[in-house]
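The values are calculated or read from the model by the stated rules, or taken from the named source; none is laboratory data. Please read these numbers as outputs of a predicted model, since none were measured by experiment. Every residue, glycine as well, gets a Cβ built from its backbone with ideal geometry; the counts of neighbours run over all protein chains shown.
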Amino acid sequence: MRINDRDIDRRAFLTGQVLSEADKARRPAPRFFHISSAVVTVRPEQAAEVASRLAELPRTEVHGVEGSKIVIVMEGDSSGEIGSRLTTIALMDDVFSANLVFEQIEPVDDPGA
């Protein structure tokens, strides 16, 4: 099947690549909610102070501190937002590493749809 001199494959159809630009503009972008957990490795003698700084970050909760490890949970609107926050954490003083452990992505229910 040919439309506009373009072969349409299944992937293009399912991802909306066959829609006209006007159709794409009318269709709202899907919204998602991201929940991620990470382990932050720090200097053991600075763990409490770093945990306090982490708790001040937006949409970030500290769930545990043991030795040099801090477990955090982050919420965000995109993987990019989570990744940016994780990079910010990794660059903090007294932090050795910040590693994503888990990410769950859920669609946001839109009552207006």
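So which residues in segment 65-80 are at pLDDT 95 or above and not in a strand (DSSP E or B)?
Within segment 65-80, the first condition is being at pLDDT 95 or above, and the residues that meet it are 65-75.
Result: GLY67, SER68.
Residues in segment 42-67 that are in contact with a strand residue (DSSP E or B) (Cβ under 7 Å, 6 or more places away or on another chain) and surrounded by 17 or more Cβ atoms within 10 Å (Cβ to Cβ): VAL42, ALA47, VAL50, ALA51, LEU54, THR60, VAL62. Taken as a whole, the condition of being small (Gly, Ala, Ser) and surrounded by fewer than 17 Cβ atoms within 10 Å (Cβ to Cβ) does not apply to SER36. In the condition set (1) without any contact (Cβ under 8 Å) to a residue 60 or more places away in the chain; (2) part of a strand (DSSP E or B); (3) under 14 Å from VAL95 (Cβ atoms), VAL39 is compliant with all but (1). For segment 6-28, check the following and say yes or no: at least one residue is farther than 18 Å from LEU91 by Cβ, in a strand (DSSP E or B) and modelled with pLDDT under 95. Yes, segment 6-28 has at least one match. Listed by first and then second residue, the pairs linking a residue in segment 65-85 that is more than 19 Å from SER97 (Cβ to Cβ) to a residue that is part of a strand (DSSP E or B), with Cβ atoms under 6 Å apart and 6 or more places separating them unless they lie on different chains, are GLU75/ILE35; GLY76/HIS34.
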